[in-house]
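Input: a single structure, listed below in structure tokens.
The values are calculated or read from the model by the stated rules, or taken from the named source; none is laboratory data. None of the values given here were measured: they were computed from a predicted structure. Note that each Cβ is placed from the backbone with ideal geometry, even for glycine, and that neighbours are counted across all protein chains shown.
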Amino acid sequence: MKTNKYINRSEKRSHLLAFALTGLAVGTIAYLLFGTKGGRKQWNNAVDHIRDLTDTIRDKAKDGLGQASSYASKALVEARHLKGKAKEGIEDFADEATKKGKHAARKAEELAQELADKAHSKA
């Protein structure tokens with residue numbers, strides 16, 4: 001049991017030491033960035049580069065949206081064109097079917113008249 005207490009104390013000390021060293025490193029970096037002229041200059045350069053990167057990303061996104069919009073518009077125009085062609089094809093087919101239907105009806109009427117005439121002449 002004494003060994004477990006010793007291990008727990010040792011772990012606590014190592015955690016405390018790691019925490020203290022991390023705090024010291026963060027404090028040193030903060031001092032170098034904000035406490036010295038060179039550090040502030042580096043910080044300002046980093047902020048400027050981040051702003052430039054953000055602007056570039058924003059511009060590229062706008063360009064991408066513009067291209068996507070252009071492609072969508074072209075696709076819509078093409079879809080409307082194809083719809084018109086399909087409608088024309090259907091109308092042509094319907095007209096042709098109507099003509100052939102009328103022609104068949106006339107032929108049937110003529111045939112019926114012939115048969116009627118033959119039936120009258122025999123009677």
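Among the candidates ASP63, ASP48, the residue that is at pLDDT 90 or above and among the acidic types (Asp, Glu) is uniquely ASP48.
Right, LEU32: in contact with a Gly (Cβ under 9 Å, 6 or more places away or on another chain) and without any contact (Cβ under 8 Å) to a residue 24 or more places away in the chain or not? So LEU32 fits the description; yes. Check the stretch 30-37 and report whether any residue there is in a helix (DSSP H, G or I) and either within 16 Å of the chain's Cα centre (by Cα) or exposed (fewer than 10 other Cβ atoms within 10 Å of the Cβ) (or both). The answer is yes, given that some residue of the stretch 30-37 is in a helix (DSSP H, G or I) and either within 16 Å of the chain's Cα centre (by Cα) or exposed (fewer than 10 other Cβ atoms within 10 Å of the Cβ) (or both).
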